[in-house]
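What follows is a short report on a single structure.
The values are calculated or read from the model by the stated rules, or taken from the named source; none is laboratory data. Keep in mind that this is a model prediction, so the values were computed, not measured. Quick reminder, even Gly has a Cβ in these numbers, built from the backbone with ideal geometry, and neighbours come from all protein chains shown. The area values use the complete protein model at the heavy-atom level, side chains included, leaving out ligands, DNA and RNA. Shrake-Rupley method; radii C 1.70, N 1.55, O 1.52, S 1.80 Å.
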Amino acid sequence: MLNHSCVCPDALDRCDRCDLLLDFPGLHLVSVTQAPSGLVLEVESCVPVQGCPGCGVIATGHGRVVVEVIDAPWAGRPVRVRWRKRRWICHEDVCAVVSFVEQDPEVCAPRALLSTRAIRWSIGQLRREGATIQGLARQLGTTWNTLWTQVRPVLATAADDPVRFENVQVLGVDEHIWHHRDPRRRGPKELTGMVDLTRGPHPTARLLDLVPGRSGKAYRDWLDERGEGFRKRVEIATLDPFQGYKNAIDDQLEDATCVLDAFHIVKLAGAAVDDVRRRIQQETLGHRGRKGDPLYGIRHVLRAGRERLTSRQQTRLEAAFTAHPDHIAVEVAYRCAQDLRDVFHQPTPARGRQLAEKLIASLTTCPIPEIARLGKTLRRWKTAFLAYFDTDGASNGGTEAINGIIELGRRIVRGFRNFEHYRLRMLLITGGLDASPHTQL
């Protein structure tokens, strides 16, 4: 038999293969029937004796009680498990326990509506298969509320597990919008997300938490709640060019190296080129870019790296730059942006740092106001900018990838109304929590 301690006589003619398909150790499959709601599996245990949970004295059997729970679907059909639990009576006068029913956490928790296997299956579908609560409830033959009330406590327990925050050495932060409704009805639109970027046994990036608000205070309070031990272990803190997060890092992570994300540095340079192009367009033609305008025709080419340009694209750029004397400002801005981009593609970090320092010193003196403003921004973030070359290229790219997964999950569900529901679901799909050890609680 599947259960080696089984004491059922052979005369009962139990089928080992049926018990193996059932996969509930200690339980035998008595019968299988087809009901309108799906398959109904009737099971029972073979425990001959049972000690009282109050005093430990061997109890006396007193019949059985049938409990029905929802199990994981089988062969595309919903499944109900009817467990014929044994009832026991304790005859000890001094024991407070009069009668009790057998329990098995591997099958289901006491008074649970779903079996442990159904909860584990549902969480796996939510995490890896992009499923929705409504879709899983339909497969289980139950309702949205029934399924979520059974899954939510497991996810909440996993989210409260302090083990999630151990061994975080590289910490990223970013913001995103979780809803587009009136904040007076649904709360703040902006959330701050903290991401573990440490390379280790877990995925390269995993979401640690989401807190309401996009401010340095939101990030500072979260870091303060983590405790001194967590903050001491963080060696590198990556971020976008937002001063609020920078202030929180300086306040709470004094020993960590603050690194400005390389992607956003290049993005700032590209935005400066676009600003110059639009200004020159208005000054030379007196209107926004239109089809046939030289600068409007190269707006996408200006965003590409110069080493990737084809000969045709190079010819288009040259023609646009020479079409009007004032277009020289666009050409200069483009070359400055490309020089800034090149600092991240040098053969050695020392060479990249050298070019970066040279650009920080020279861009502020550029006569083009947009480029001079870019230089001032880089000078203000100089320490965090140059730290990129001292940390083996640490970046906030993993945080942006987590944001992409969050956006995908939100589109699949077509929006969320409850923040705590949103937080638990996003922590699950982004690898921020492992619910497997908690499915039997």
Among the DSSP beta bridges whose two residues both lie in the chain, what percent are antiparallel, rounded to the nearest 5? 75
Please give the Cα centre distance for the stretch 235-313 versus the stretch 348-367, rounded to the nearest Å. 16
So, with +1 on the Cβ of K and R and -1 on the Cβ of D and E, and no other charges, what is the size of the charge dipole of the chain about its Cα centre, to the nearest 20 debye? 1980
Counting only helical runs of four or more DSSP H residues, what would the 222 nm mean residue ellipticity of the chain come to if each run contributes -39,500 (n - 2.57) and the total is spread over all its residues? -13000 deg cm²/dmol
Note to self: with every protein chain in place and a 1.4 Å probe, the chain gives an accessible area per residue in Å² of 52
Ignoring ligands, DNA and RNA, please state the percent of accessible area on the chain from carbon and sulfur, probe 1.4 Å. 50
Can you give the extra length, in nm with one decimal, that the chain gains between ARG379 and GLN243 once fully stretched, where that is 0.36 nm per residue apart less the Cα-Cα distance? 47.6 nm
Starting from 0.36 nm per residue, how many nanometres of slack lie between GLU357 and ARG411 once their C-alpha separation is accounted for? 15.2 nm
Residue among LEU260, VAL211, GLY270 farthest towards the positive dipole end of the stretch 206-272, charges placed on Cβ: GLY270
Any idea what the dipole of the stretch 136-282 comes to, in debye rounded to 20, about its Cα centre with Lys/Arg Cβ at +1 and Asp/Glu Cβ at -1? 800
Between LEU285 and ASP342, the FRET efficiency computed from the C-beta separation at R0 = 51 Å comes out, to the nearest 0.05, as 0.95
Signed unit charges on C-beta, dipole axis of the stretch 361-441, positive-most listed residue THR383, PRO437, PHE419: PHE419
For the stretch 314-337 and the stretch 393-441, what is the centre-to-centre distance using only Cα atoms, to the nearest Å? 44
Find the centroid of the Cα atoms in the stretch 94-167 and in the stretch 16-49, then give the distance between the two in whole Å. 20
Given the whole protein assembly as supplied and a 1.4 Å probe, what does the accessible area of HIS91 come to in Å², nearest 10? 130
Classify the stretch 13-164: rounded, prolate or oblate, from the alpha-carbon gyration tensor (a ≥ b ≥ c, eigenvalue square roots; a/c under 1.5 rounded; otherwise prolate if a/b is larger than b/c)? oblate
Taking K and R as +1 and D and E as -1, what net charge do the other residues with C-beta under 13 Å from the C-beta of ILE429 add up to? +4
Local charge sum around TRP88 (other residues, Cβ-Cβ under 13 Å, Lys/Arg +1, Asp/Glu -1)? +2
Checked the stretch 191-324 with the C-alpha gyration tensor, a ≥ b ≥ c its square-rooted eigenvalues, rounded below a/c of 1.5, otherwise prolate if a/b is larger than b/c and oblate if not; verdict prolate
Where a ≥ b ≥ c are the square roots of the eigenvalues of the C-alpha gyration tensor, would you call the stretch 293-387 rounded, which needs a/c under 1.5, or, failing that, prolate if a/b is larger than b/c, or oblate? oblate
Rounded to the nearest 10 Å², what accessible area does THR142 have for a 1.4 Å probe in the complete protein model? 30
Can you give the FRET efficiency to the nearest 0.05 for ASP434 and ASP326, using r as the Cβ-Cβ distance and R₀ = 41 Å? 0.10
If you take every DSSP beta bridge whose two residues both sit in the stretch 25-82, what share of them, in percent to the nearest 5, is antiparallel? 80
Can you give the charge dipole size of the stretch 384-441 about its Cα centre, rounded to the nearest 20 debye, using +1 on the beta carbon of Lys and Arg and -1 on the beta carbon of Asp and Glu? 540
So how exposed is GLU175, as accessible area in Å² (1.4 Å probe, rounded to 10)? 50
